[in-house]
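One structure is given below, encoded as structure tokens.
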2 protein chains.
Amino acid sequence: MDGPKIKNMQEFADASGISRPTVSKYFNDPTSVRQSTRARIEEALERFDYRPNIYAMNQNRQLTKTIGIVVPYLSDPFFAEIARNIERRCLAKGFWPILFSSHGEKEQERDILDNLRSLKPGGVLLAPLGRRSDRMAVERFCKAVPTVLFDSNIDGVGQAFIGSDNGQSVPLMVEYLCRTGSPPCFFEMPPVNPNANKRRDAFVSAIQRLGHEPQIVRVEGKSWEFEQIGFDGGLKILAEGGFPSSTVLCSNDRLAIGLIAAAYQLQISVGREPSSQIRIAGHDDHPFSRFTSPSLTTIAQDYAAISSKSVEVLFDVIEAGGDLGSRKETLFEGKLVMRASA
Amino acid sequence: MDGPKIKNMQEFADASGISRPTVSKYFNDPTSVRQSTRARIEEALERFDYRPNIYAMNQNRQLTKTIGIVVPYLSDPFFAEIARNIERRCLAKGFWPILFSSHGEKEQERDILDNLRSLKPGGVLLAPLGRRSDRMAVERFCKAVPTVLFDSNIDGVGQAFIGSDNGQSVPLMVEYLCRTGSPPCFFEMPPVNPNANKRRDAFVSAIQRLGHEPQIVRVEGKSWEFEQIGFDGGLKILAEGGFPSSTVLCSNDRLAIGLIAAAYQLQISVGREPSSQIRIAGHDDHPFSRFTSPSLTTIAQDYAAISSKSVEVLFDVIEAGGDLGSRKETLFEGKLVMRASA
DNA sequence: CTAAAAAATTGACGCGCGTAAATTTATTCT
DNA sequence: AGAATAAATTTACGCGCGTCAATTTTTTAG
């Protein structure tokens, strides 16, 4: 890191005693040059700390080494955690992840996809808003850029989908709850994405299979502040005679977190001890769910598996030139996490 | 959105009947062209949906319209929330925010700053890791790119600092707690950034000013999973005779969230009623702090003010050509948020 | 050691845009 | 109306790099 300042690749090539085209090859794939020249270049790199101008690198490329990651709501630790995993894996593959959050807004999602297009990313990992997505815009985008959907599916859109298997996880929880106490009712809010509906449907069929009548309690609210919705809704329901069952299965953990807070405020005891008045269960194993009072019994989605599989499939798509032929859906099973709340 | 495909600015200029240099001017600042030509360009834009190649746009620029946002830990909803605010404000100014998270790791932070340099951002908003930052790397970066620090200060580094005034907020809380019950002890973990130390120091002087002996309880732990640290530490302390006071002021909300969970598990009642065994207070008004059981009394940092001021100052710096002359520090006061826990 | 294969070099062009100087056209002001 | 001013056009160059074809050098295989 000394010597005269290096301005461009030509100067760096001169300084390292290698021709510019070879240096260029090196930067696009270090393994594509002979071991001995690679060593010489990397030695020079330490002396001069030159970095190619990424803008010049990419201007004539139709596909860059950038990976776009789009999540619906970054303030939700679930997505923050997933994004973190994905970022690491992209970096390990020598790609450059760029993170975007739609912040729950359709327009934002559309803008992000628009902007992303001009970034010419090598591929995109997209967790769509879901029902609120501009389906046309997403579809158009996926046709132009190799895209893998995760978390929330949109039928037929994108090269693949990776998510968790609500059809397995919800019955797992329902059976556990029925086995250990009164059959649960289902607590939901207006669905923001297909998962919410799938979970409700899975609940209905699972509880019917066990010979019970499905009971669904729905509260209103249209923001992404799920905890607040669960709290407000829970407060109202609990104050007005309570849920139809003393066991409540929530559509997701964030809703459950709000509901637990509401129960506490009304001095309704939550838990699986005989003395408790209500049992509450969630779904997702949200990072905070182990710190509720009582800690939340839930279904653990396999963060690591979902993110690593998503990245893996995306790179398959990229290496296949943007098209796999058929759209693959991968669903991971959830695991029951028994804590104190149910 | 019909007609023949537009490949570059020349073709778009031809199609819209305007010269290329004028079109170029338009894209760099739509207000810099006459109203009538602007209208013609925008009309053509609707017909052809052309977008300039951002890579070609930026390759000859020493400063681009990109704003880098770097936070230490995105899974922390506090930073996710701040980032969201900042993003919006940058977009409103016609800039392009790009978000990065150090994920609590020094190497990540260094890599991000390195990569950011080759992005040639117009400016950067940086919430450094703090004590774990590679100070030299940060310093070097700030000399090369207009940078405003926020949340966590590093003396003399960057063009400005925006944060919250621990010297005001902590005494505010201490006085409240002393006025309404027994004087608090201070619950902390190994400091990850200067705020932690400032808060402890502010606690000591505030409690002494009120004529009490400062008592500090420290637990170990070196990850960014603060809740877990608070929980594990709290469990141990509460089981081994408890805190030196029946009122505990935690260094931050996440620690408090863990502590409340620990107290619950040990069936120690938390709250400000006379019947409660312990009072617990936090600091930050973390998005989840209203959903703990009981809800957490805390100090609200002014998210909106911090983010808007940060952006504002950054644009001042940018407009001043990267240097304001003197380094400005802005501290916002915290507000006491009285909830049920203390 | 020689022929074949692999890798590096040389020289050159183009990408899409920013930008500058000189010129022409349009707008504003009195 | 004409003069002064503002804006758009024409022309042309350069940025840093990808990439190609032809050539030379180095490595590998027989």
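The values are calculated or read from the model by the stated rules, or taken from the named source; none is laboratory data. Remember, predicted model here, so these are calculated numbers, not experimental data. As a convention, Cβ positions derive from the backbone with ideal geometry for all residues, glycine included, and neighbour counts pool all protein chains shown.
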**Prompt:** Just checking, how many residues over segment B:59-78 are within 10 Å of chain A (Cβ to nearest Cβ) and in contact with a Phe, Trp or Tyr (Cβ under 6 Å, 6 or more places away or on another chain)?
**Reply:** 2
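Could you check, for segment B:314-328, whether at least one of its residues is more than 11 Å from chain A (Cβ to nearest Cβ), buried (at least 24 other Cβ atoms within 10 Å of the Cβ) and in contact (Cβ under 8 Å) with a residue 60 or more places away in the chain?
First, pick out the residues of segment B:314-328 that are more than 11 Å from chain A (Cβ to nearest Cβ): B:314-328.
Checking the rest, the ones that are also buried (at least 24 other Cβ atoms within 10 Å of the Cβ) come to B:314.
Those left that are additionally in contact (Cβ under 8 Å) with a residue 60 or more places away in the chain: B:314.
Among the residues of segment B:314-328, at least one is more than 11 Å from chain A (Cβ to nearest Cβ), buried (at least 24 other Cβ atoms within 10 Å of the Cβ) and in contact (Cβ under 8 Å) with a residue 60 or more places away in the chain, which makes the answer yes.
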**Message:** I'd like to check something: does segment B:30-45 contain any residue that is in contact with a Lys or Arg (Cβ under 9 Å, 6 or more places away or on another chain), near DNA strand C (Cβ under 10 Å from one of its atoms) and of a type outside the set (Lys, Arg)?
**Reply:** no
**Message:** Can you confirm whether B:GLN108 is free of Cβ contacts under 8 Å to residues at least 12 places away in the same chain, surrounded by fewer than 19 Cβ atoms within 10 Å (Cβ to Cβ) and polar (S, T, N, Q)?
**Reply:** no
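If I filter segment A:107-150 down to residues being among the charged types (D, E, K, R) and touching a Pro at 6+ places or on another chain (Cβ under 8 Å), which single residue comes out as nearest to A:GLY321 (Cα to Cα)? Spell out how you get there, then give the answer.
Our first condition is that a residue be among the charged types (D, E, K, R); within segment A:107-150, this holds for A:107, A:109-111, A:114, A:117, A:120, A:131-132, A:134-135, A:139-140, A:143.
Subset that is touching a Pro at 6+ places or on another chain (Cβ under 8 Å): A:109, A:131.
Values: A:GLU109: 25, A:ARG131: 30 Å.
Ranking the qualifying residues of segment A:107-150, first place goes to A:GLU109.
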**Asked** Does B:LYS93 fit the bill of being surrounded by fewer than 22 Cβ atoms within 10 Å (Cβ to Cβ), more than 9 Å from chain A (Cβ to nearest Cβ) and more than 18 Å from the chain's Cα centre (by Cα)?
**Response** yes
**Complete:** The residue that is modelled with the highest pLDDT, considering only those in segment A:127-145 that are within 17 Å of A:TRP224 (Cβ to Cβ) and of a type in the set (A, V, I, L, M, F, W, C), is A:ALA127
**Asked** Among (1) at pLDDT 95 or above; (2) under 21 Å from the mean Cα position of the chain (by Cα), which single condition is B:ILE278 missing?
**Response** (2)
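Can you report the number of residues in segment A:111-137 which are free of Cβ contacts under 8 Å to residues at least 40 places away in the same chain and surrounded by fewer than 21 Cβ atoms within 10 Å (Cβ to Cβ)? Please lay out each step first, then the result.
Filtering segment A:111-137 down to residues free of Cβ contacts under 8 Å to residues at least 40 places away in the same chain leaves A:111, A:114-115, A:117-118, A:133-137.
Next, only the ones that are surrounded by fewer than 21 Cβ atoms within 10 Å (Cβ to Cβ) stay: A:111, A:114-115, A:117-118, A:134-137.
Residues meeting the conditions: 9.
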**Message:** If I filter segment A:247-264 for residues that are more than 16 Å from A:ALA342 (Cβ to Cβ), at pLDDT 95 or above and not in a helix (DSSP H, G or I), do I get at least one hit?
**Reply:** no
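Every residue in segment B:282-312 that is polar (S, T, N, Q), within 22 Å of A:PRO77 (Cβ to Cβ) and surrounded by 23 or more Cβ atoms within 10 Å (Cβ to Cβ), please. Talk me through it step by step, then tell me what you get.
Narrowing segment B:282-312 to residues polar (S, T, N, Q): B:289, B:292-293, B:295, B:297-298, B:301, B:307-308, B:310.
Restricting the remaining residues to those that are within 22 Å of A:PRO77 (Cβ to Cβ) gives B:289, B:292-293, B:295, B:298, B:301, B:307.
Once the filter is applied, which keeps residues that are polar (S, T, N, Q), within 22 Å of A:PRO77 (Cβ to Cβ) and surrounded by 23 or more Cβ atoms within 10 Å (Cβ to Cβ), segment B:282-312 yields B:SER289, B:THR292, B:SER293, B:THR298, B:GLN301, B:SER307.
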**Asked** For residues in segment B:191-208 being within 20 Å of the chain's Cα centre (by Cα) and touching a residue at least 24 places away in the same chain (Cβ under 8 Å), which is surrounded by the fewest Cβ atoms within 10 Å (Cβ to Cβ)?
**Response** B:PRO191
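Suppose the filter is more than 9 Å from DNA strand C (Cβ to nearest atom), of a type outside the set (A, V, I, L, M, F, W, C), within 20 Å of A:TRP96 (Cβ to Cβ) and crowded, with 18+ Cβ neighbours inside 10 Å; does A:TYR26 pass it? Spell out the reasoning first.
On the way: more than 9 Å from DNA strand C (Cβ to nearest atom): no; of a type outside the set (A, V, I, L, M, F, W, C): yes; within 20 Å of A:TRP96 (Cβ to Cβ): yes; crowded, with 18+ Cβ neighbours inside 10 Å: yes.
No; evaluated as a whole, the condition is false for this residue.
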**Complete:** Apart from one, (1) over 13 Å from B:PRO146 (Cα atoms); (2) in contact with a Lys or Arg (Cβ under 8 Å, 6 or more places away or on another chain); (3) among the β-branched types (Val, Ile, Thr) all hold for B:ILE257; the odd one out is (2)
**Request:** May I ask you to verify whether A:ASP232 is of a type in the set (D, E, K, R) and closer than 22 Å to B:GLY258 by Cβ?
**Result:** no
**Prompt:** For segment A:221-231, does any single residue satisfy the condition of being over 23 Å from A:PRO274 (Cα atoms) and more than 14 Å from chain B (Cβ to nearest Cβ)?
**Reply:** yes
**Item:** Out of A:THR298, A:THR292, sole residue that is more than 24 Å from A:GLY68 (Cα to Cα) and within 21 Å of the chain's Cα centre (by Cα)
**Value:** A:THR298
